[in-house]
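Okay, so here's the structure we're looking at.
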Amino acid sequence: MLRQKGKGIGYLWVLILIFLGYFLLWGTSSTVRTQEKSSCVSCHTNSRELIKLSQIILKMRPPVKSEETKGEG
Amino acid sequence: MAPLELYEKVLVEDEFLETDHGQIPCVDCHGGNPDDSNWETAHKGVIKDPTFPDASKVCGDCHEDIVKLGKSSLHVSLLPYRVIMDRRATPDESVKKAIDKAMGNHCMGCHSSCGQCHVSRPDSVDGGFVQGHNFMKTPPMATNCTSCHGSRLEKEFTGKNPGIPGDVHFVKKNMQCVSCHKAGEMHGDGKEYQSMHDVASGPKCVDCHQDAGKATSKKKVHRLHYETVSCTVCHSLQYKHCYGCHVGKDSKGLPYYQTEKTIMDFKIGLNSTITKERPYKFITVRHVPTNPGLFDYYVKDGLKNFDRVPTWKPTTPHNIQLKTPQNKSCKKCHKKKRLFLTEEDVEAEEREANRSVMVPESEIPTKTKKR
């Protein structure tokens, strides 16, 4: 009787783990899916890539502000 | 506030992608081509701040009420600037067009938007995400409010003016801008206010210090002054006054501004727009950076009606203290001509403009009557 009860609890734990695993994997894969879908996300979350690009952009278009601005705004 | 590196400005945190806003495809708000792996062509047509000038498309579906009212927010419309310049402008269509152009190039860039408060730093300080594109319900003071309101208010509030302590609300209670300036005031209420002092939901000292604004106040000094003197006349310290401003474009076509002197002073003027909410005879006034030749680069003599609006404006210095030099005793303020804005303090070319706020010597309180 006790052994059967123990088996039942064991099955319950297995089921819980399967459910948890499914939801965890589903959550991760959906994030990965979103990131894979969009080149915007894959680039804008990659600091190394952005640093590389920002150096190129700064060479192409250096920031421009008038040197004649004086005083407190 | 240290500027951000270019890459930091656009670096999206992974955490953002898990938020509600992060579930919306980038292209829905910002446009561009997400299927293009070439960054240059992918960014064609990208809208950096999709919430300005019209936030209804991107914010309106979920935040309909706020967006509707938001058009009347002074942070978005900057209406008081337009109202003042319209009054000062020479009444001529070509002059008004030239002034509109000048204001577009130099003044109107200082607006805010939903995104420039809740997502990124304002454009006027070159933008950049505050928290990796996460949406912040409450905009942080240091990166958002004081990045625009820095020269005067931040320095007063946090005590950055040499020798002058910061506001007691900040120094002792660590209150932030939003502690007093609530969302209702920031988002607008649908009314097109012509002055920030008219905004119904603007903060008032008596919202917290209720006793101070009553004829039955426990303190005699409040009972005597509560309707004739604004709170800041007694409870603020010296604050910054800026003079002159000229705008133009340099040889490369880049817009610039040049302001003249900046001084610290404390001046009590007359309240020229007495209302039920602001019944005071005396208020603190601040000189603002302007002059008749402000837009000369664009149009000569464009502000022929300059004298229609004072250059000393009602102000709420943000360095409030319980005890100040002028409230130590009656005699520290009464008869103290140097505290009041008199003709001697106002430059000759601006006297006519400030006639309604200058305090005639006969109006300076001379005696402390026994009551």
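The values are calculated or read from the model by the stated rules, or taken from the named source; none is laboratory data. Remember, predicted model here, so these are calculated numbers, not experimental data. Backbone-built Cβ (ideal geometry, glycine too); neighbour counts: all protein chains shown. Surface areas here come from the heavy atoms of the whole protein model, side chains and all, with no ligands, DNA or RNA. Shrake-Rupley method; radii C 1.70, N 1.55, O 1.52, S 1.80 Å.
Key figures
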{"item": "Eligible lysines near residue A:7 by straight Cα distance, threshold 28 Å, same-chain separation 8 or greater", "result": "none"}
{"item": "Simple Cβ-charge dipole of the protein assembly as shown, Lys/Arg +1 and Asp/Glu -1, about Cα centre, in debye nearest 20", "result": "2600"}
{"item": "Under 19 Å from the residue B:198 label point (7 Å along Cα→beta-carbon), backbone N, the range B:79-96", "result": "B:79-89"}
{"item": "Kirkwood-Stokes translational diffusion coefficient of the range B:204-371, alpha-carbon pairs, 4 °C, 1.567 mPa s, µm²/s", "result": "73"}
{"item": "Peptide A:43-53, shielding by other chains (average Cβ, 10 Å cutoff)", "result": "5"}
{"item": "Student exercise, chain B dipole from Lys, Arg, Asp, Glu Cβ charges, in Debye to nearest 20", "result": "3240"}
{"item": "GluC sites (Glu not before Pro), loop per DSSP, at most 16 other Cβ atoms within 10 Å - longest free stretch of chain B", "result": "B:19-191"}
{"item": "The range B:99-160 - percent relative contact order, Cα under 8 Å, separation 6 or more", "result": "25"}
{"item": "Dipole of the range B:204-371, positive direction: furthest Cα of B:229, B:291, B:317, with charges on the beta-carbon", "result": "B:229"}
{"item": "Pairwise label distance in nanometres, residue A:60 with residue B:205, each label 7 Å out on the Cα-Cβ vector", "result": "5.5"}
{"item": "Alpha-carbon Rg with Dmax, taken over the protein assembly as shown, Å", "result": "27.7, 105"}
{"item": "Interface A:B - total buried accessible surface [probe 1.4 Å, Å², rounded to 100]", "result": "2600"}
{"item": "Whole-number percent relative contact order across chain B, with pairs defined as alpha carbons under 8 Å at least 6 apart", "result": "16"}
{"item": "Contour minus Cα-Cα distance for residue B:352 and residue B:87 (0.36 nm per residue)", "result": "93.9 nm"}
{"item": "Calculated P(r) tail over 36 Å for chain B, as whole % of Cα pairs", "result": "31"}
{"item": "The range B:1-132 - charge dipole about Cα centre, Lys and Arg +1 at Cβ, Asp and Glu -1, debye rounded to 20", "result": "1040"}
{"item": "Proximal lysines relative to residue B:182, as straight alpha-carbon distance under 16 Å, when same-chain residues fewer than 8 apart are discounted", "result": "B:137, B:204"}
{"item": "GNM top mover of B:220, B:335, B:101 - chain B, alpha-carbon springs below 10 Å", "result": "B:220"}
{"item": "Too-long pairs where the Cα-Cα distance tops 27 Å, listed order kept, from A:59/B:252; B:172/B:328; B:71/B:300; A:70/B:336; B:48/B:173; A:65/B:44", "result": "B:71/B:300; A:70/B:336; B:48/B:173"}
{"item": "Accessible area expressed per residue, the protein assembly as shown, with surrounding protein chains retained (probe 1.4 Å, Å²)", "result": "62"}
